[in-house]
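Inspection log for the structure reproduced underneath, given as structure tokens.
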Amino acid sequence: MGLNRKGDVIQIDFENGHGIIIDENGQDIHFQLDDVSDRININSKIVFEIELHERGLVAVNIKLAMEEVKV
């Protein structure tokens, strides 16, 4: 699929290495912490791509949105 989407991190399970994003359409999308290139927290604004896996949509290539990046 590969199109960039925007969303907010709503849940992170550091112990098990995954979390949930709610995208701009109100859809919950799961992700693995291995696919995160920046340091994120709950409520972080992010951009990401989606891939269709056997369990449904999964967020990949997750990065902080430009407005979240602090210099």
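The values are calculated or read from the model by the stated rules, or taken from the named source; none is laboratory data. Just so it is clear, the structure is predicted and the values come from calculations on it, not from any experiment. Here the Cβ is made from the backbone with ideal geometry for all residues, glycine too, and neighbour counts use every protein chain on show. These area figures cover heavy atoms from the full protein model, side chains too; ligands, DNA and RNA do not enter into them. Shrake-Rupley method; radii C 1.70, N 1.55, O 1.52, S 1.80 Å.
Kindly list, by first and then second residue, each pair from a residue in region 44-68 that is in contact (Cβ under 8 Å) with a residue 60 or more places away in the chain and more than 13 Å from Val9 (Cα to Cα) to a residue that is open to solvent by 40 Å² or more (accessible area, probe 1.4 Å) and among the hydrophobic types (A, V, I, L, M, F, W, C), limited to pairs with Cβ atoms under 9 Å and residues at least 6 apart or on different chains.
Cβ pairs passing all conditions: none.
Being hydrophobic (A, V, I, L, M, F, W, C) and within 15 Å of Asp23 (Cβ to Cβ) is the filter here; which residues of region 37-54 pass it?
Within region 37-54, Ile40, Ile46, Val47, Phe48, Ile50, Leu52 meet the criteria.
Rundown of residues vs (1) in contact with a Gly (Cβ under 8 Å, 6 or more places away or on another chain); (2) within 15 Å of Asn4 (Cα to Cα); (3) open to solvent by 20 Å² or more (accessible area, probe 1.4 Å), yes/no style:
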| residue | (1), (2), (3) |
| --- | --- |
| Ile22 | yes, yes, yes |
| Ser44 | no, no, no |
| His53 | no, no, yes |
| Val58 | no, yes, yes |
| Ala65 | no, yes, no |
